[in-house]
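What follows is a set of notes on a single structure, which appears directly below.
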Amino acid sequence: MISKWVQYFLAALIPALLPGIAGAERYNLQAPQSLIAHEIYDLHTLIFLICCAIFVVVFGTMTYSIIKHRKAAGHKAAQFHENTTVEIIWTVVPFIILIGMAIPATKTILAMKDTSNPDITIKATGYQWKWGYDYLHDGVSFYSSLATPRDLVTDKSPEGAKKRAEHANYLLEVDNPVVVPVGKKIRVIITANDVIHAWWVPAFGVKQDAIPGFVRDTWFRADKVGIYRGQCAELCGKEHGFMPIVVEVVEQEKYDQWIAEQKKKTAANAAASGTMDGKAVYEKYCVACHGTGVAGAPKLGDKAAWAPRLKQGQEVLYTHALKGFKAMPPKGGAADMSDAVIKATVDYLSAAGK
Amino acid sequence: MEAAHTHDHAHGHDDHAHHPTGLMRWVTTTNHKDIGTLYLLFSLTMFFIGGLLAFGIRAELFQPGLQYWEPEFFNQLTTMHGLIMVFGAIMPAFVGFANWQIPMMIGAPDMAFARMNNWSFWLLPPAAILLVSSFFVPGGAPAAGWTIYAPLSTQMGPGMDLGIFALHIMGASSIMGSINIVTTILNMRAPGMTLMKMPLFVWTWLITAYLLIAVMPVLAGAITMVLTDRHFGTNFFNAAGGGDPVMFQHIFWFFGHPEVYIMILPAFGIVSQVIPAFARKPLFGYASMVYATSSIAILSFIVWAHHMFTTGMPAAGQLFFMFATMLIAVPTGVKVFNWIATMWKGSMTFETPMLFACGFLFVFSMGGFTGLVCAITPIDIQIQDTYYVVAHFHYVLVAGSLFAIFSGTYFWLPKWTGHMYSETLGKAHFWLSIVFFNITFFPMHFLGLAGMPRRIPDYAMQFTDFNMIASIGALGFGLAQLLFVAAIVKCARGGEKAPANPWEGADTLEWTLPSPAPYHSFVTPPVIK
Amino acid sequence: MLNQSARYFVPDPSHWPIFGSFALLSMASGAALWMNEAAWGKFLLLAGVCVLFFMMFGWFGTVARESEGGQYNQQVDAGFRWGMGWFIFSEVMFFAAFFGALFYMRVLSVPWLGDVEHKLLWPDFTGQWPTAGPGAAEKFTPMAAWGVPAINTLILLTSGVTVTIAHWGLLKNNRKQLIVGLALTVLLGMTFLYLQATEYHEAYADLNLKLTTGAYGATFFMLTGFHGFHVTVGTLMLIVILGRSIAGHFTAEHHFGFEGVAWYWHFVDVVWLLLFILVYWL
Ligand code: HEA
Ligand code: HEA
Ligand code: CUA
Ligand SMILES: [Cu+2]
């Protein structure tokens, strides 16, 4: 009976794994594209193999015993129950193996932590739910959000599945990727605006939590020109699965060109946001929640919902809108807006609720 | 551990004349066996609820795109699945085992504080009600992960408060339960039952209870801080006030890591009873098992930050926590080797309990190895918060804790019910479980390595096939659990009468009692030779 | 007693625990409602508290009766000692979480927020303790150690002495000494609580020191607040023990009820000493 089940198991397992056999990278870490990622890759291979070896020895022994020392096979039980020598051996040997693993790991840790002397420093800020980037020495700033259309994500029809399958880089594409030059040491300073996010690009072996109110840093040096994709790797609310990271590694000349373009855009943006009025801000940012009442947000013009809030006084509403209040994010997520603009928006909302 | 007990059994079955019957018997009971049964039934119920939520997760992840749930509801499913499985299914199951077995195994008439024991159990239903009802309040259930990291957890709606209070109450229940267990073990052993003669299950629970008393209050502190940050304007986890979101993680994992050993040490205990019984050979290295268990417990207090390697701690911190974590492989290895040495040259038979114990050894160890891979900081940088971690902890929790619970259930069912369970059902349950378990969770290693984050409702195309396999496996694994219920129900309702000791190699005290064990056992302590 | 073992005491079925469970359910749901702007939640909370008190009266009454009825032998007594000891250990760990938070903020997170790296986010923050944090707008004055807190330290230390005197009285079968010692302890406990209340009032009214005052306010009020709560519980327990002493309970050989409370009181005392040093003084 047992062997029959084992056969079924194997019969079920092999076709089940077939689709994946097409490419080995699907079973392993992504192809490394930086020094650290290489070291991590090799470290993983080393430790994986050691574990496999131990596994084979230990469970080979167990299997042997299961086959040979069974009552059905007529084996009589021995009665030994102690042996100090073997117990010392199997305490010390694993310990030595562990030291063997720890040494290369220590070296990699120290290398990972060395963020000194970067060529370029970029500040990445996690927002619910997008990334903001500032090239600290070039004055370039922009946001980077998911580019995959929402309709495609929520399309439940059979065509939807097909369209998704044909859509290149489904969920891994953004409107404004980070652009960096190849072969340069890039230091990324990471922080967040609301909750914890994590900035992760597997190909560079970089993952760093973005902690609101604190800065952390990490670094990478891309080996090759190309586009590398990652995702936010810390649960940050409902859209956590929808805030990817895309890094475009380009030649130095292309990078210089890109920076020049971006500088112009950033300047234009700054000018525009200064002139937005309450209504415009509302329609750009707040409507997402206050238009529909998501998570209990008081709707625009819903007098019953606004009455108790208005009673608190305008100052309280300002602070709640600026600093956040329960499910209401700070500045409604419009972190790039000035306080004055947000206050104007609150005035707009409360006027409509009177 | 031979025992001759001098009291006569007829006396053990005393009349229940002045005892409440029907529902009130269960509500007011001070009997460790009744309370053990209540714990086990509660745990089984919660396991099914948690499993249903898991199935909700797997259904959504069957293919890319948002199929069934809104993302916020998906996060609620994930969070509640984790919370319910950990605090509702696994932990109460082990306390149920402790209640049934510890008094019988040490020759005591009951638990030390039998009335408080009742309360420890009856705190769980209110907690479960609070937890589950959070699905129905505005904003829904907690959705910040079972780790309820601040400041995401301070953003949630009222469901989070219900969750926090539920955790407070479950914590109180655990602390009372553990005080009871420690006191029972330290104070109520039959004469002659020295500490180093106690069955290993009792030892592992002694150490587990110690861990629980040490860390549950810390969890209570952490969630209380979340509560005051949410409602009373404190700034524990808010940088603008001088606090630090990462501090929550330190406090949480100071609880959380010992917590995962709380969920595995009693499993080690069960396996340490089962293997010698079916190998018909004494446990190899009893003393070193005790020392290894204690070392795991002690080490578990100094490794918590291995869950936080990506928060950006100084290199010295990463190194310390990496080394300390790796060290745990040594005592755990000692245990694995001792079990195999117990099997070595035994005379083994493979009834269901033994099958689950062997399955445990095999698959739990795989989970241990992936844990070790996680412990290597640079590798963890890549796989933290990916499905690799999900695979790791289901290997240790499902194939570890849960399989041990299955093993123990089949092992002691004859003692509890007085009937033999159906070996056919049991074996089918085992084989289906282990096969579907691996189909469900093995592909998750690949997903994680290739870069699929955890706690996401939708994923990129390249992860599709493995997710499909995992979802199919989960359906199979879930359905297989219906066999478990069938086996229990069948056994409770009747079947072949069980002898006092149905297992040739089992030699602990409970097997000297008739099956089913009398309502009051060891009213006069047995004499331990 | 049918299920009475020779060596241990196994109580009869009891309906008290289930009252406790209902009490906690109603307290928790009431509190959750109240905190989320459903005002009637507080009545549910209050109802729960009442049921809890009712349960404790009933439960502890039963325990006291069983104890006075001579059902607890030495072995059972030893069990209570273990139980109380482990319970106090769990309380120690609860406070450890908050002391840990204090340590973490003082020694780690506040200095980090003030270091050069964080100038990027908090350009003007220096990272000095005490602080309400880099985002705080208002000023506050920290609580001085050598006023009320120092007096409170003396009060609690004295109360530790008075319970011990009461204990000696019990051991010598000197009822008067027992009762006077306990009464003094209760009185000292209440004075402590009164002074603590005035201190809180001063903090809010004069020092602009509030629960919302950043890292300092949060740790100050949560630590002293939870300690104050424990003093309150301890005082209530002392009152119960005082009542039982007046009613003639306890003997020189058999008085775990008294000792358990005394241990608890000493524990509360030690926590205060730590608080005084780490929160007020340093
Ligand atoms: C039953 C529960 C359980 C158990 C027993 C373990 C056991 C271990 N765990 Fe696991 N772990 C979890 C439950 C558990 N874990 C959970 C729930 C999480 C996720 C929490 C969350 O984020 O939601 C987690 C996450 C987790 C992480 C964080 C991953 C991340 O988020 O990035 C790490 C990192 O170090 C880790 C490590 C380990 C190690 C080293 C062990 C060791 O104890 C394993 C030791 C065992 C062996 C190594 C095998 C047997 C040994 C031998 C045969 C001897 C020879 C071996 C060698 C010399 C290698 N675990
Ligand atoms: C403690 C034990 C435990 C147990 C036993 C399980 C059991 C299972 N778990 Fe879970 N799991 C956790 C603890 C546990 N888990 C934790 C702590 C997390 C982390 C949460 C977080 O991220 O915060 C997690 C997260 C987690 C995830 C990741 C979610 C995410 O990151 O978004 C997934 C995904 O597949 C998953 C799946 C499963 C499955 C398929 C089972 C199966 O084994 C369940 C099988 C049982 C049943 C299915 C129920 C019984 C049967 C029926 C009810 C009959 C009918 C059934 C069907 C029709 C299917 N679990
Ligand atoms: Cu941002 Cu997850
Ligand atoms: Cu851990």
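Table for the structure above
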{"item": "Some residue of region A:81-100 being facing chain B (nearest Cβ under 7 Å) and touching a residue at least 60 places away in the same chain (Cβ under 8 Å)", "result": "no"}
{"item": "Among (1) surrounded by 16 or more Cβ atoms within 10 Å (Cβ to Cβ); (2) in a loop (DSSP other than H, G, I, E, B); (3) within 13 Å of another protein chain (Cβ to nearest Cβ), the one test that C:Phe99 misses", "result": "(2)"}
{"item": "Hits in region B:391-432 (condition: within 14 Å of chain A (Cβ to nearest Cβ) and hydrophobic (A, V, I, L, M, F, W, C))", "result": "B:Ala391, B:Ala399, B:Leu425, B:Ala428, B:Phe430, B:Trp431, B:Leu432"}
{"item": "Only listed residue being over 23 Å from A:Asn193 (Cα atoms) and open to solvent by 30 Å² or more (accessible area, probe 1.4 Å), chosen from A:Ala147, A:Ala105, A:Ala165", "result": "A:Ala165"}
{"item": "Count of region B:296-323 residues which are open to solvent by less than 20 Å² (accessible area, probe 1.4 Å) and away from chain A (no Cβ under 11 Å)", "result": "5"}
{"item": "Given (1) touching a residue at least 40 places away in the same chain (Cβ under 8 Å); (2) within 14 Å of another protein chain (Cβ to nearest Cβ), number of the condition B:Gly473 does not satisfy", "result": "(1)"}
{"item": "Given (1) open to solvent by less than 10 Å² (accessible area, probe 1.4 Å); (2) part of a loop (DSSP other than H, G, I, E, B); (3) more than 10 Å from every other protein chain (Cβ to nearest Cβ), number of the condition B:Pro514 does not satisfy", "result": "(1)"}
{"item": "Some residue of region B:461-468 being under 19 Å from B:Phe442 (Cα atoms), at the interface with chain A (Cβ under 8 Å from one of its Cβ atoms) and within 16 Å of ligand 1 (Cβ to nearest atom)", "result": "no"}
{"item": "Those residues of region B:36-72 which are open to solvent by less than 20 Å² (accessible area, probe 1.4 Å) and more than 18 Å from B:Ile90 (Cβ to Cβ), in sequence order", "result": "B:Gly56, B:Arg58, B:Glu60, B:Leu61, B:Pro64, B:Gly65, B:Leu66, B:Pro71"}
{"item": "Number of the condition not met by A:Ala198 [criteria: (1) more than 11 Å from every other protein chain (Cβ to nearest Cβ); (2) touching a helix residue (DSSP H, G or I) at 6+ places or on another chain (Cβ under 7 Å); (3) aliphatic (A, V, I, L, M)]", "result": "(1)"}
{"item": "Where a residue in region A:207-234 is at pLDDT 95 or above and within 16 Å of ligand 2 (Cβ to nearest atom) and its partner, wherever it lies, is assigned to a strand (DSSP E or B) and not aliphatic (A, V, I, L, M), with Cβ under 6 Å and at least six apart", "result": "A:Gln231/A:Pro244; A:Gln231/B:Pro453; A:Cys232/A:His197; A:Ala233/A:Trp200; A:Ala233/A:Lys207; A:Ala233/B:Pro453; A:Glu234/A:His197; A:Glu234/A:Asp209"}
{"item": "Boolean, B:Val398 is within 16 Å of ligand 3 (Cβ to nearest atom), surrounded by fewer than 23 Cβ atoms within 10 Å (Cβ to Cβ) and of a type outside the set (S, T, N, Q)", "result": "no"}
{"item": "Qualifying positions in region A:123-179 - of a type in the set (S, T, N, Q) and not in a strand (DSSP E or B)", "result": "A:Gln128, A:Ser145, A:Thr148, A:Thr154, A:Ser157, A:Asn169, A:Asn176"}
{"item": "Strands (runs of 3 or more DSSP E) within region A:188-255 that include 1 or more residues polar (S, T, N, Q) and in contact with a strand residue (DSSP E or B) (Cβ under 6 Å, 6 or more places away or on another chain)", "result": "A:206-210, A:216-221, A:226-231"}
{"item": "Qualifying residue in region B:353-363 (condition: more than 10 Å from chain A (Cβ to nearest Cβ) and assigned to a loop (DSSP other than H, G, I, E, B))", "result": "no"}
{"item": "Some residue of region C:119-138 being assigned to a helix (DSSP H, G or I) and open to solvent by less than 30 Å² (accessible area, probe 1.4 Å)", "result": "no"}
{"item": "A:Ala72 being part of a helix (DSSP H, G or I) and at pLDDT below 95", "result": "yes"}
{"item": "Residue list for region A:235-255, filter: within 16 Å of ligand 2 (Cβ to nearest atom), within 21 Å of B:Phe463 (Cα to Cα) and open to solvent by less than 10 Å² (accessible area, probe 1.4 Å)", "result": "A:His240, A:Gly241, A:Phe242, A:Met243"}
{"item": "Candidate set from region C:188-207 (those that are among the charged types (D, E, K, R) and part of a helix (DSSP H, G or I)); member that is most open to solvent (accessible area, probe 1.4 Å)", "result": "C:Glu202"}
{"item": "Filter pass, B:Gly192 being in contact with a Lys or Arg (Cβ under 8 Å, 6 or more places away or on another chain), among the small types (Gly, Ala, Ser) and either within 14 Å of chain A (Cβ to nearest Cβ) or more than 16 Å from ligand 3 (Cβ to nearest atom) (or both)", "result": "yes"}
{"item": "Residue within region B:27-41 that is out of contact with any strand residue (DSSP E or B) (no Cβ under 7 Å at 6 or more places or on another chain), at pLDDT below 95, in a helix (DSSP H, G or I) and of a type in the set (A, V, I, L, M, F, W, C) present", "result": "yes"}
{"item": "Residue in region A:275-291 that is of a type in the set (Ser, Thr, Tyr), outside any strand (DSSP E or B) and open to solvent by 60 Å² or more (accessible area, probe 1.4 Å) present", "result": "yes"}
{"item": "Test: B:Pro199 is more than 9 Å from every other protein chain (Cβ to nearest Cβ), open to solvent by less than 20 Å² (accessible area, probe 1.4 Å), of a type outside the set (Lys, Arg) and within 23 Å of B:Phe268 (Cβ to Cβ)", "result": "yes"}
{"item": "Test: residue in region B:159-182 that is within 16 Å of ligand 2 (Cβ to nearest atom), out of contact with any helix residue (DSSP H, G or I) (no Cβ under 8 Å at 6 or more places or on another chain) and not polar (S, T, N, Q)", "result": "no"}
{"item": "Sole residue being farther than 26 Å from B:Phe232 by Cβ and of a type in the set (Gly, Ala, Ser), chosen from B:Gly88, B:Gly163", "result": "B:Gly88"}
{"item": "Flag if A:Ala53 is in a helix (DSSP H, G or I), open to solvent by less than 70 Å² (accessible area, probe 1.4 Å) and at the interface with chain B (Cβ under 7 Å from one of its Cβ atoms)", "result": "no"}
{"item": "Inter-residue pairs, beta-carbon under 6 Å, first open to solvent by 10 Å² or more (accessible area, probe 1.4 Å) and in region C:1-17, second modelled with pLDDT under 50, 6+ apart", "result": "C:Leu2/B:Asp14"}
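Residue by residue, here is whether (1) under 30 Å from A:Gly213 (Cβ atoms); (2) within 16 Å of ligand 4 (Cβ to nearest atom); (3) touching a Phe, Trp or Tyr at 6+ places or on another chain (Cβ under 9 Å) holds:
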residue	(1), (2), (3)
B:Ala305	yes, yes, yes
B:Gly312	yes, no, yes
B:Trp344	no, no, yes
B:Met354	no, no, yes
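The values are calculated or read from the model by the stated rules, or taken from the named source; none is laboratory data. Note that the structure is predicted; figures quoted are calculated from it, not measured. Cβ sites come from the backbone with ideal geometry, for glycine too, and all protein chains shown count toward neighbours. Accessible surface is based on the protein model in full, side chains and every heavy atom, while ligands, DNA and RNA are left aside. Shrake-Rupley method; radii C 1.70, N 1.55, O 1.52, S 1.80 Å.
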